[in-house]
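Asks: Handing you this structure, nothing more for now.
The values are calculated or read from the model by the stated rules, or taken from the named source; none is laboratory data. Since the structure is predicted, the reported quantities are computational estimates derived from the model, not experimental observations. Heads up, the Cβs are rebuilt from the backbone with ideal geometry, glycines too, and the neighbour counts pull from every protein chain shown. We work out accessible area using only protein heavy atoms, side chains counted, and drop any ligands, DNA or RNA first. Shrake-Rupley method; radii C 1.70, N 1.55, O 1.52, S 1.80 Å.
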Amino acid sequence: VQLQASGGGLAQAGGSLTLSCAASGSISSINGMEWHRQAPGKQRELVATITKDHSTNYADSVKGRFTISRDNAKNTVYLQMNSLKPEDTGVYYCNVATFAGETYWGQGTQVTVSS
């Protein structure tokens, strides 16, 4: 199983970026999908989650600015990030959990927001 994340990069404060993460390989049915991030010198934190039926939850720090979505047919999860702030800078990781109890992490994609 492989998770390929893409879409990171450099943005100015107030700008937008969209991340995507596609799961491929021998994978049983995906249940939850998540985005986490890790800023330099800080612990990894949960950013957003989405269930198979598209119920979502967000960290307070990104509510109203970030939107998580998924395409079940493509085993892909997205993170639309608007009104970016310098404190959103970090490495963003996708995570998926299957109904079989397996958990997989993507390789991470760097997001840098300049002030």
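Asks: Residue by residue through the stretch 51-67, note down the ones that are part of a strand (DSSP E or B) and closer than 18 Å to Leu17 by Cβ.
Replies: Tyr58, Phe66, Thr67, listed by residue number.
Asks: Based on this model, can you work out whether Thr56 counts as at pLDDT 95 or above and crowded, with 18+ Cβ neighbours inside 10 Å?
Replies: Working: at pLDDT 95 or above: yes; crowded, with 18+ Cβ neighbours inside 10 Å: no.
Judged against the criteria, Thr56 is not a match.
Asks: Name the residues in the stretch 1-21 that are open to solvent by 40 Å² or more (accessible area, probe 1.4 Å), among the aliphatic types (A, V, I, L, M) and in a strand (DSSP E or B), would you? Full working, then the answer.
Replies: Taking the stretch 1-21 first, the residues open to solvent by 40 Å² or more (accessible area, probe 1.4 Å) are 1-2, 4, 6, 10, 12-14, 16, 18.
Restricting the remaining residues to those that are among the aliphatic types (A, V, I, L, M) gives 1, 10, 13.
Of everything in the stretch 1-21, just one residue is open to solvent by 40 Å² or more (accessible area, probe 1.4 Å), among the aliphatic types (A, V, I, L, M) and in a strand (DSSP E or B), namely Leu10.
Asks: Of the residues in the stretch 23-47, how many are under 17 Å from Val91 (Cα atoms), open to solvent by 20 Å² or more (accessible area, probe 1.4 Å) and among the aliphatic types (A, V, I, L, M)?
Replies: Total meeting the criteria: 2.
Asks: Within the stretch 100-111, is there a residue that is assigned to a strand (DSSP E or B), touching a His at 6+ places or on another chain (Cβ under 9 Å) and open to solvent by less than 60 Å² (accessible area, probe 1.4 Å)?
Replies: No, the conditions are met nowhere in the stretch 100-111.
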